[in-house]
Amino acid sequence: MSKHDFADCYFCGGVVEEEVISYMRKWKEKYILIENVPAGVCNQCGEKYFEAKVAEKMDDVMLQKEKTARKISIPVIKLQQDAA
Ligand SMILES: [Zn+2]
């Protein structure tokens, strides 16, 4: 994997550094966790940036159920709103 230079963060102007991350994506009411994703991550606000070819690859792989490595369950918590 060649080093890719990301522009500074669009939102906060922070430095965007290349990392390999796990990225949660929603698709048709399902969440899919994609691991081993090369991304640019802002060191200030944590915003993530993907190269076009990586984003395409994620779109692609999400449609391929046979690529599922394992399944995990995640806790769901509903935030209670204070009564007015
Ligand atoms: Zn930022």
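The values are calculated or read from the model by the stated rules, or taken from the named source; none is laboratory data. Model, not experiment: these values are computed from the prediction. Cβ: placed from backbone, ideal geometry, glycine included. Neighbour counts: every protein chain shown. What goes into the accessible areas is simple: the full protein's heavy atoms, side chains included, and nothing from ligands, DNA or RNA. Shrake-Rupley method; radii C 1.70, N 1.55, O 1.52, S 1.80 Å.
Data for the structure
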{"read-out": "Percent accessible area from carbon and sulfur atoms, the chain, protein chains only, probe 1.4 Å", "value": "51"}
{"read-out": "Packing rank of 74-80, 20-26, where each peptide gets the mean count of other beta carbons within 10 Å, highest leading", "value": "20-26, 74-80"}
{"read-out": "Equivalent ellipsoid dimensions for the chain as semi-axes, Å, which come from the Cα gyration tensor, largest first", "value": "26, 22, 10"}
{"read-out": "Net lengthening on full extension, Gln81/Met24 (0.36 nm per residue, minus Cα-Cα)", "value": "18.0 nm"}
{"read-out": "Accessible area per residue, Å², the chain with all protein chains present, probe 1.4 Å", "value": "87"}
{"read-out": "For peptides 64-73, 31-40, sequence by mean Cβ density within 10 Å, most packed first", "value": "31-40, 64-73"}
